[in-house]
Amino acid sequence: MAIYLDNNVGLKIATVDLSEYVTSITLTQTFDEVETTTMGQGSHVFAKGLESSTLQVDFLNDWAASKVQATLQAAYGTSVTAVVIPVKGTAVGATNPLYTVSILVNNLTPVGTGGPEDYARSSMTFTCTSTVAYATTGTF
Amino acid sequence: MELTMADQQITPADIEVLKKLGLPIPAETKTKKDEE
C-alpha cells in the first residue's frame, strides 16, 4: 500500500522551491467534454477535448527575497513551470510520481486573506497552459 | 503519458523569473530554445 500523510507535498514554481510555504495544494486534471451526439442516439455522447487543468495553491505569505511573493510577482503575467510531487524528499517512482505543467500566473493576492489573528495567506488558482506531464522517473 | 526529459527542462520564462530574483540559473540545464 502506498498511501501517505498529506504533509510533505513538494511544489516548485519556475524551479524555485516554495514547498515550505504551502498550506494546501490541489492539482485538478481535467479535459473538455466535446459533444458528439448524433441522430439515433438515446443519450448525450461526449469525446475528450482539450486538457483544461488547474493548480490551486494556498501559501503563507513571505516577502523575503526569492520567496513566495517575490517569485510570484516575478512570474506574474507569464507562463512558468510548476512541478508537484506527492512526497518531497522521497525518490520519484510509480508510487511518488512527478507532475509537471506550465501555469499562467494571471492572478495574485499579495495582501492575502486572514484576520488580525492570522498569518497572512494567499489563495490562488492558476490555469494550466499545457498538458500535465506525469513521470515516474527523474528528480524533483 | 510518460514525461520525457525534454518536458522537465527549464523554460525561457523560468529563466526570466530566476534573473529577476537574482538566483543562479542551473548551468547544466539546456533550455528548449537551446535545443532547437
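Is there any pair linking a residue in segment A:11-36 that is within 14 Å of chain B (Cβ to nearest Cβ) to one that is acidic (Asp, Glu) and assigned to a strand (DSSP E or B), with Cβ under 7 Å and at least six apart or on different chains, and which?
Hits for this filter: A:Phe31/A:Glu51.
Residue under question is A:Thr78, and the condition is that it be surrounded by fewer than 21 Cβ atoms within 10 Å (Cβ to Cβ) and away from every other protein chain (no Cβ under 14 Å); does it hold?
Considered against the rule, which asks whether it is surrounded by fewer than 21 Cβ atoms within 10 Å (Cβ to Cβ) and away from every other protein chain (no Cβ under 14 Å), A:Thr78 comes out as no.
FYI, it's all coordinate maths here, none of it is from the lab. Keep in mind the model is a prediction, meaning the values are calculated, not measured. Methodologically, a virtual Cβ is constructed for each residue, glycine included, from the backbone with ideal geometry; neighbour enumeration extends over all protein chains shown.
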